[in-house]
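The values are calculated or read from the model by the stated rules, or taken from the named source; none is laboratory data. Note that this is a predicted model, so its numbers are computed, not measured. Don't worry about glycine lacking a Cβ; one is built from the backbone with ideal geometry, like all the others, and counts go over all protein chains shown.
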Amino acid sequence: MNPGLLILVLAVVVAVGFGLHRRRVDGRFAGAPAAPAQPAEETVWTSVAAALPEAELGERATLVQFSSAFCAPCRTTRVVLADVAERYDGVAHLEIDAEQHLDLVRELDVRRTPTTLILDPAGRELTRAAGAPRREQVLAALPTSEETR
Amino acid sequence: MTATGIDPRGPRFTATVTLVVFAVALLLSDAAPGVAAVLTGVQAALFAIGAGLGVQKTPTGLFFRSVVRPRLTPPAELEDPAPPRFAQAVGLVFAVVATIGFATGAVLLGQVFAGFAFVAAFLNAVFGFCLGCEMYLLGARLRGRPA
């Protein structure tokens, strides 16, 4: 096999593998963060509020979405999250421009846009998803409340 | 962001053409690196049009709009043209390096960069996934890092 053909075959294998992997993990909320690195009184919300003083925490949950200009799935994510926030009481949606808040992006270790963090009423991170989540995935990851259960 | 979006299948159609160009360039590169250089050079010119004037202005974009799109059902939703345009600029860099490699006899260099470009075009065409767009935030994170 000559090098050109070999590289083409490798490229197909890499692209198919990566594409299938992404299709599987995109939008999946992957449990609680492994280790709460922050002290108890400092939550993800403390950092978010420091960067965006205008932002308000939801009573039931806050959907924090990181977006950027060159990001097609951010638009889909915005529609889904805004709709969930509108339909469910106490759920707030906050979209943050990642480029404008690079310090926050590094602190929270956001690597892709869109990344969605779900915060509890105290502002702690419950879970996060990279890639556009589907509506059902967001609803399943929301903390329960008396009204809905 | 512009007021009017584009049909998201346009950039995917363009990516399909791109992936075929890089595949043919790779297959011919060992026997005829000169032909591979011409192919990646033409692709670089297409990327330059897409990055400079927008993805709707490339020959494949125009072909999609005038010939392909009228035969399809209208899209469920429109898309911002800025992300694929940015990705064209990323593609341009890879296509230029590949062309230089093939043209100067550094065939393996050309093949490696054509391979990367093929992966990105394949992900876009088959999965609708924009690798160039995703590199943007990582680039911004590195660029903006305080010393």
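Going by the conditions given, is residue A:48 modelled with pLDDT of 90 or more, under 16 Å from the mean Cα position of the chain (by Cα) and aliphatic (A, V, I, L, M)? Outline the logic, then answer.
On the way: modelled with pLDDT of 90 or more: yes; under 16 Å from the mean Cα position of the chain (by Cα): yes; aliphatic (A, V, I, L, M): yes.
Yes: the conditions hold for residue A:48.
State which residue is nearest to the other protein chains (Cβ to nearest Cβ) when the search covers only segment B:77-95 and only residues that are assigned to a helix (DSSP H, G or I) and aliphatic (A, V, I, L, M). First the steps, then the outcome.
Start the filter on segment B:77-95 by keeping residues that are assigned to a helix (DSSP H, G or I), which leaves B:82-95.
From what's left, aliphatic (A, V, I, L, M): B:82, B:87, B:89-90, B:92-93, B:95.
Working: B:82: 6, B:87: 8, B:89: 10, B:90: 10, B:92: 15, B:93: 15, B:95: 15 Å.
Within segment B:77-95, the match that is nearest to the other protein chains (Cβ to nearest Cβ) is B:82.
Of the numbered conditions (1) in contact with a Leu (Cβ under 9 Å, 6 or more places away or on another chain); (2) surrounded by 16 or more Cβ atoms within 10 Å (Cβ to Cβ), residue B:59 fails exactly one; give the number of that condition.
Here residue B:59 clears every test but (2).
Which number in (1) under 28 Å from residue B:113 (Cα atoms); (2) touching a strand residue (DSSP E or B) at 6+ places or on another chain (Cβ under 9 Å) marks the one condition that residue B:79 misses?
Only one criterion is unmet by residue B:79, namely (1).
Go through segment A:59-71 and give me each residue that's in contact with a strand residue (DSSP E or B) (Cβ under 9 Å, 6 or more places away or on another chain), over 21 Å from residue A:125 (Cβ atoms) and buried (at least 24 other Cβ atoms within 10 Å of the Cβ).
Quick first cut of segment A:59-71, residues in contact with a strand residue (DSSP E or B) (Cβ under 9 Å, 6 or more places away or on another chain) only: A:59-69.
Imposing the further condition that a residue be over 21 Å from residue A:125 (Cβ atoms) reduces the set to A:69.
Within segment A:59-71, none qualify.
Just checking, which of B:134, B:77 is in contact (Cβ under 8 Å) with a residue 60 or more places away in the chain, over 13 Å from the mean Cα position of the chain (by Cα) and under 24 Å from residue A:25 (Cα atoms)? If you could, list the steps in order and put the result at the bottom.
Working: B:134 fails: in contact (Cβ under 8 Å) with a residue 60 or more places away in the chain.
From the options B:134, B:77, the qualifying one is B:77.
From B:123, B:72, B:92, grab the single residue that is of a type outside the set (D, E, K, R) and surrounded by fewer than 16 Cβ atoms within 10 Å (Cβ to Cβ). Step through it out loud before you land on a result.
Details: B:123 fails: surrounded by fewer than 16 Cβ atoms within 10 Å (Cβ to Cβ); B:92 fails: surrounded by fewer than 16 Cβ atoms within 10 Å (Cβ to Cβ).
Being of a type outside the set (D, E, K, R) and surrounded by fewer than 16 Cβ atoms within 10 Å (Cβ to Cβ) holds for just one of B:123, B:72, B:92, which is B:72.
Looking only at segment A:44-95, filter to residues that are part of a strand (DSSP E or B) and in contact (Cβ under 8 Å) with a residue 60 or more places away in the chain; which one of those is nearest to residue A:138 (Cα to Cα)? Spell out how you get there, then give the answer.
Of segment A:44-95, the ones part of a strand (DSSP E or B) are A:61-67, A:91-95.
Narrowing further to those that are in contact (Cβ under 8 Å) with a residue 60 or more places away in the chain: A:61-63.
Numbers: A:61: 11, A:62: 11, A:63: 9 Å.
Checked segment A:44-95; the qualifying residue nearest to residue A:138 (Cα to Cα) is A:63.
Tally up the residues in segment A:3-45 that are at pLDDT 90 or above and either over 14 Å from residue A:123 (Cα atoms) or at the interface with chain B (Cβ under 10 Å from one of its Cβ atoms) (or both), please.
Looking only at segment A:3-45, we keep the residues that are at pLDDT 90 or above, and these are A:3-29, A:44-45.
Then keep just the ones that are either over 14 Å from residue A:123 (Cα atoms) or at the interface with chain B (Cβ under 10 Å from one of its Cβ atoms) (or both); that gives A:3-29.
So the answer is 27.
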